[in-house]
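Structure first, then comments.
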Amino acid sequence: MPTWTHPATSTRLAYDDRGSGPPLVLVHAFPFDRRMWAAQADGLSDTHRVLTPDVFGFGESGLPAGGWTMDSFADALADWLTALKIEKAVVGGLSMGGYIALAFARRHPGRVKGLILADTRAEADSAEAKANRDKTIALAEKDGAAGVLDQMMPKLVSDHTRTHRPEVIAAVRSIATAQTTAGVTAALRAMRDRPDAIASLPGFKFPTLVLVGAEDTVTPPSAAQAMTDQLPAATSEQFATAGHLSNLETPAEFTAAVRGWL
Ligand code: MLT
């Protein structure tokens, strides 16, 4: 596994680097790590260089002493791409990864060849959502990543996945329960404090692919539609049998949608 050290915070960024061709960066959801992109790395690395970083505090990446924000992590990704001599990339993310991709696009539009926003939203947290983040931070401090996952699990996948794809549930559990309390709480703070990105969307001139599971109740199709409506060059697709974790629940369909758009 390659690593890069973020100079400003002396923090390790771990990532996988598969294939060659135009670069495609995929940023994972909360509370997971880069392993959630395994099917997409397998399916797209014949034509693209698929780069999947672990967000600070997850997987094998370090956690900066002062935590991180969507903007600071987006800036770290830009520095990392510079270190890899990559001028422009297609940047995508699912849910929290989408918040990071949106921050990257706001702050580094010149580095974006295209944007993929999967099961995510552009709005900031409401006051109620912020209060829920604080409750989840308290839960994580008490019960760790497993406690947070137990709370999230009923909303993460579709009924179809729950009934027919037990291996997806097992993979979700295995990746999430490997995360540390410090990593989980840092990400909850970063998500709670993230800025609204809706007002920036009309300025995104690059092609954007908006993906969502039809049964996503965390970032529902209405949130995907709200982004599509504001984006000048959006393509959108829904996965009929997926919930929030569409790339894991319907991996072949997700990968085919990305491949077709790329
Ligand atoms: C995620 O899937 O990354 C999170 O559920 C997003 C969030 O809590 O806002």
Once you order the gyration tensor axes a ≥ b ≥ c over the Cα atoms, which shape class does segment 190-262 get: rounded for a/c under 1.5, otherwise prolate or oblate by comparing a/b with b/c? oblate
Could you work out the percent of alpha carbon pairs in the chain separated by over 36 Å, rounded to a whole number? 4
Determine the gain in length on full extension of the stretch Asp193-Thr163; use 0.36 nm per residue of separation and subtract their C-alpha separation, reporting nm with one decimal. 7.3 nm
Counting only DSSP beta bridges with both residues in segment 3-261, what percent are antiparallel, rounded to the nearest 5? 25
With the dipole of segment 103-253 worked out from charges on the C-beta (+1 for Lys and Arg, -1 for Asp and Glu) around the Cα centre, which of Pro220, Gly147, Ser126 lies farthest toward the positive end? Ser126
Per-pair calculated FRET efficiency, R0 = 35 Å: Thr180 and Glu128 via Cβ, rounded to 0.05: 0.80
For labels at Ala252 and Asp17 in the simple 7 Å Cα→Cβ model, what's the distance in nm? 3.3
To the nearest 0.05, what FRET efficiency results for Thr235 and Met153 with a Förster distance of 35 Å applied to their C-beta separation? 0.70
Using amide H atoms built 1.01 Å from N in the peptide plane, name the residues 5+ places from Asp125, or on other chains, whose amide H lies under 5 Å from its own. Arg194
Take each of the peptides 54-62, 81-89, 150-158, 118-126, average the number of other beta-carbon atoms within 10 Å over its residues, and list them starting from the highest. 54-62, 118-126, 150-158, 81-89
For segment 1-124, just say rounded, prolate or oblate: build the C-alpha gyration tensor, square-root its eigenvalues into a ≥ b ≥ c, call rounded for a/c under 1.5, and beyond that prolate if a/b exceeds b/c, oblate if not. rounded
For segment 119-127, in order, what is each residue's ³J(HN,Hα) by Karplus, 6.51 cos²θ - 1.76 cosθ + 1.60 with θ = phi - 60°, in whole Hz (x at glycine and Pro)? 6, 9, 9, 9, 6, 6, 5, 6, 4
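Bear in mind that the values in this text are calculations on the coordinates, not laboratory data. On a predicted model such as this, the values are computed, not experimentally measured, just so you know. Ideal geometry is used to build each Cβ from the backbone, glycine not excepted, and the neighbour counts take in all protein chains shown.
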